[in-house]
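The values are calculated or read from the model by the stated rules, or taken from the named source; none is laboratory data. No experiment lies behind these values; they were computed from the predicted model shown. Note that we place each Cβ from the backbone using ideal geometry, even for glycine, and neighbour counts take in every protein chain shown.
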Amino acid sequence: MTLKLVIIGGGSSYTPEIIEGIIRRHDSFPVTEIVLVDIKTGQKKLEIIGDLSLRMIEKSAKSIKLSWTLDRKEALKNADFVSTQIRVGGLEARSKDERIPLSHGFIGQETNGAGGIFKAFRTIPVLMELAEDIHTICPDAWMINFTNPAGIVTEALLKHSAHQKVIGVCNIPFNMRHSTAEILGVSPDDVKIQFIGMNHFVFGQKVFVNGMDRTEDVVEKLVGDHFDYSPANIVNLGWSKTFIESTRLLPNPYHQYYFQTKDVLEKDLQAYKENGTRAEVVQQLEESLFELYRNPELRDKPKELEKRGGAFYSDVACSLMDSIYNNKEDVQTVNTFNNGAIPDLPNDAVIEANCIITNHGPRPISIGPLPATIKGLVYQMKAFEELVIRASISGDYNDAYTALLMNPLIGDEKRSKVLLDELLEAHKAYLPQFNSRGN
Ligand code: G6P
């Protein structure tokens, strides 16, 4: 029996995580073959990651065949799982997503505001093509998408590609659960957070430890100790007592962009002056990571990888594949169609939700209606995401303009156009859908 995993964006510095995750779960999820795929410009990195992965596998003594290639179509043959972790335009494009909005007084961030919109514009067409290839070459394979903006990308694929075996994953719910367990002094396996919302816009409604409601304890810690479940890319500013006590929700780290916009802008401008954009910081981090990866003595995932915001994502991706493969029917937080879990959102809206994971995919657990406090904003964010998807596919200037205009972090008639024009120009090499319409 064979079990084949193809990693698209295999040259990513995150790949050792997923290799480690596969090795660790090999008894229950016995992958027999891994193929790392990348594009020509990523070939050097791909080779370094390929060599390190081989050393990790050799050390583990697991029987896994690993290879790497630039030939995606060939790699996809007989795949059972395809994971995606790509960055169209690389960190240079991310740096523009962060710098250009900031230079106009707006949040510059890779998945939020104008930066997130342009990341979606660059990414969706590329992943649509990949999904078509999967559908033709390995139609039974599950596509596990970690590529950002993960929720929007997953919705675009599920709504507009023929391939329906697509699930989006993110490390934020995982981080929230693990940090909550830490502050309560319990095991993460015993903690369940009732999530409600969308990727990077998800709230925790209730926290249960072995079935006991511990929400109040967590709320108290959030207010008092400013406990932090932010990934490495976000500096937590803490939440006020009033915010937590009145919303009675656990915000996720990305909510700072929406509820602390001015303070975050100040903080980000300061950080930009000191160290450049996060993309530039990551560029340096990557250089030192690849320096480590090159060492022929290295046979494990280095601890330094935890300095990346996406650390631990592979735990999410690997547990998910393990549960699908074994039809575990356990509960995991993933991005999938709402299908009635939140009755006031459309069935085909992609939400980040606790789901029962079966070999037919995720089944979202009923959540109930949106609390009045966040209802308006969630509606707006969902409608905005639809506009982003529409523009990503149509390549229409006016569609793109409305996406910026209706984003709660932009919403300014004139400046939406300024941002749009500048970002369209800056990213034109990666936006064929807009170029071909003469925008
Ligand atoms: C978080 C997010 C990811 C994002 C990452 C950025 O963990 O959940 O979606 O990609 O941070 O981290 P980086 O180290 O690239 O700034």
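Quick one: Ile144 ticks every box in (1) in a helix (DSSP H, G or I); (2) among the hydrophobic types (A, V, I, L, M, F, W, C); (3) within 16 Å of the ligand (Cβ to nearest atom) bar one, so which box is it?
With (1) in a helix (DSSP H, G or I); (2) among the hydrophobic types (A, V, I, L, M, F, W, C); (3) within 16 Å of the ligand (Cβ to nearest atom) applied to Ile144, the lone miss is (1).
Mind checking which residues of the stretch 193-213 are crowded, with 18+ Cβ neighbours inside 10 Å, farther than 16 Å from Pro371 by Cβ, in contact with a strand residue (DSSP E or B) (Cβ under 6 Å, 6 or more places away or on another chain) and of a type outside the set (A, V, I, L, M)?
Scanning the stretch 193-213 gives a single hit, Asn199.
So that you can scan it fast, the table gives a plain yes or no per residue for (1) aromatic (Phe, Trp, Tyr); (2) on the phi < 0 side of the Ramachandran plot; (3) at pLDDT below 95; (4) not in a strand (DSSP E or B):
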position	(1), (2), (3), (4)
Gly115	no, yes, no, yes
Arg122	no, yes, no, yes
Leu127	no, yes, no, yes
Ile152	no, yes, no, yes
Glu155	no, yes, no, yes
Leu158	no, yes, no, yes
Pro173	no, yes, no, yes
Glu182	no, yes, yes, yes
Gly204	no, yes, no, no
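Only one of these is in contact (Cβ under 8 Å) with a residue 24 or more places away in the chain and either touching a Pro at 6+ places or on another chain (Cβ under 9 Å) or within 12 Å of the ligand (Cβ to nearest atom) (or both): Glu132, Glu110, Glu155. Name it.
Matching residue, one of Glu132, Glu110, Glu155: Glu110.
Which of the following residues is under 24 Å from the mean Cα position of the chain (by Cα), within 16 Å of the ligand (Cβ to nearest atom) and surrounded by 18 or more Cβ atoms within 10 Å (Cβ to Cβ): Pro253, Pro302?
Pro253
Which count do you get for residues in the stretch 235-256 that are among the charged types (D, E, K, R) and touching a strand residue (DSSP E or B) at 6+ places or on another chain (Cβ under 8 Å)?
So the answer is 0.
Of the numbered conditions (1) surrounded by fewer than 21 Cβ atoms within 10 Å (Cβ to Cβ); (2) in contact with a Leu (Cβ under 8 Å, 6 or more places away or on another chain); (3) of a type in the set (Phe, Trp, Tyr), Phe259 fails exactly one; give the number of that condition.
Unmet for Phe259, out of (1) surrounded by fewer than 21 Cβ atoms within 10 Å (Cβ to Cβ); (2) in contact with a Leu (Cβ under 8 Å, 6 or more places away or on another chain); (3) of a type in the set (Phe, Trp, Tyr): (2).
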